[in-house]
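Heads up: the structure comes next, in structure tokens.
The values are calculated or read from the model by the stated rules, or taken from the named source; none is laboratory data. Predicted, not measured: the structure shown is a model, and the values here were computed from it. Cβ: placed from backbone, ideal geometry, glycine included. Neighbour counts: every protein chain shown.
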């Protein structure tokens, strides 16, 4: 069965109109669906639409209404709602072009595939696609779909194009309200060098097929165990579960250990920071020699922060 177009209309660039069809680029992933069950009877709970003082009502008696004052509603049927005239219901006018990296990723919402509606539209479609590719720009416009108007972006994708709905500015929470308690302290250069090395060791090309929903797999496994146990309670071993508390006691040691587990070709301890002063290098070498004779004291984030105060008291 052929996929059904999510939207049909035209892309307009100045005086050029290109008939197109838009298809959803995503689908629901694997999931485990649960129902609410009445435990004493084992029967599924169902819901009814009811009106206070009247009781259950039929679906064909339900219309949409907007509350204009307490208990007072303006009633609208579906034909009236669909009759609202808005040009972007059938036309996506490209009003602006911006660099691809100019829009923060947090604004992007949902992707759709865009294809020419017929053979006659293909030539203009290809010209627009290649013009966007050559300039490195994405087109911006507004499009009405399923009861609301979206800001959308348009960019090349293989032989076709991808349209993505964008969130409006007032749909995003202000980041400052969440980030304001994070201090302005700069990271230790040695720690930063180790963390950068760890990232470099794990760098690679993105392949979506390498990821899947492990939680769904775990739930399916639990359900299978529950069936085999004939309803007995299954208690999983939580010894390996994270405690929720930070387990980074010595950040330097943790980063070095992570590098070793990541299969680093050279131990991080053999590389001095690129911009470390000569005095610091000499101190590091002396510390390494001393470390062979006795265990090095554990360095924690708290101890590192307390050093200036301790030096002042001395």
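Test of understanding: among 140, 166, which residue is in contact with a helix residue (DSSP H, G or I) (Cβ under 8 Å, 6 or more places away or on another chain) and under 30 Å from residue 78 (Cα atoms)?
Selected residue: 166, the only one of 140, 166 that is in contact with a helix residue (DSSP H, G or I) (Cβ under 8 Å, 6 or more places away or on another chain) and under 30 Å from residue 78 (Cα atoms).
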Does residue 39 meet the test of being farther than 29 Å from residue 3 by Cα and over 35 Å from the mean Cα position of the chain (by Cα)? yes
Touching a strand residue (DSSP E or B) at 6+ places or on another chain (Cβ under 6 Å) and farther than 20 Å from residue 7 by Cβ, is that true of residue 97? yes
More than 12 Å from residue 115 (Cα to Cα), surrounded by fewer than 10 Cβ atoms within 10 Å (Cβ to Cβ), without any contact (Cβ under 8 Å) to a residue 60 or more places away in the chain and in the same structural domain as residue 163 (by TED's automatic domain parsing): does that describe residue 14? yes
Residues within region 71-106 that are over 36 Å from the mean Cα position of the chain (by Cα) and modelled with pLDDT of 90 or more, tallied: 3
